[in-house]
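Q: Below you'll find the structure I mean.
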């Protein structure tokens, strides 16, 4: 009887874990919409002209330095830009 109860509890806990993982993974589909809803500056139109991006990239490099900056991804007008630094990996 103890084994049956332990098996039932283990199944319930693992099922809950799988449900949480599935739901959190499905929320990633709405990541861009969530960011645009929470941060008003994310709703601003994006200009990908080199004359507009140059000062932004120079500011990022001045802030983090070439050793601290891993990469900057600009994407296109529909993709939110992403930046990774070495300090984020520690």
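Computed from the coordinates by the stated procedures, all read-outs in this text should not be read as laboratory data. Just so it is clear, the structure is predicted and the values come from calculations on it, not from any experiment. Glycine also receives a Cβ, built like all others from the backbone with ideal geometry; neighbour counts cover every protein chain displayed.
Q: Taking the chain as a Gaussian network, where each spring joins two C-alpha atoms under 10 Å apart, which residue of 22, 54, 11 fluctuates the most?
A: 11
Q: What angle, in degrees between 0 and 90 and rounded to the nearest 10, separates the Cα long axis of helix 50-68 from the longest principal axis of the Cα atoms of the chain?
A: So the helix axis and the longest Cα principal axis differ by about 60 degrees.
Q: Ok, one more. Would you mind calculating the relative contact order of the chain from Cα pairs under 8 angstrom and at least 6 residues apart, reporting the percent as a whole number?
A: Answer for the chain is 18 percent.
Q: Which three lengths, in whole Å and largest first, does the chain cover when its Cα atoms are put on their principal axes?
A: Principal extents (Cα only, largest first): 72, 30, 18 Å.
Q: At a Förster distance of 25 Å, what's the computed FRET efficiency of residue 52 paired with residue 84, Cβ-Cβ distance as r, to 0.05?
A: 0.70
Q: Now a separate question. First obtain the Kirkwood hydrodynamic radius of segment 1-43 from its Cα pairs, then insert it into the Stokes-Einstein equation at 4 °C and 1.567 mPa s, and state the resulting D in µm² per second as a whole number.
A: Once the numbers are plugged in, D ends up at 100 µm²/s.
Q: Of the candidates 23, 57, 69, which one comes out as most mobile in a Gaussian network treatment of the chain with C-alpha springs shorter than 10 Å?
A: Residue with maximal mean-square fluctuation among 23, 57, 69: 23.
Q: Still on this structure, I have one more. Mean-square fluctuation check for the chain, GNM, Cα pairs under 10 Å: which of 12, 49, 37 is largest?
A: 12
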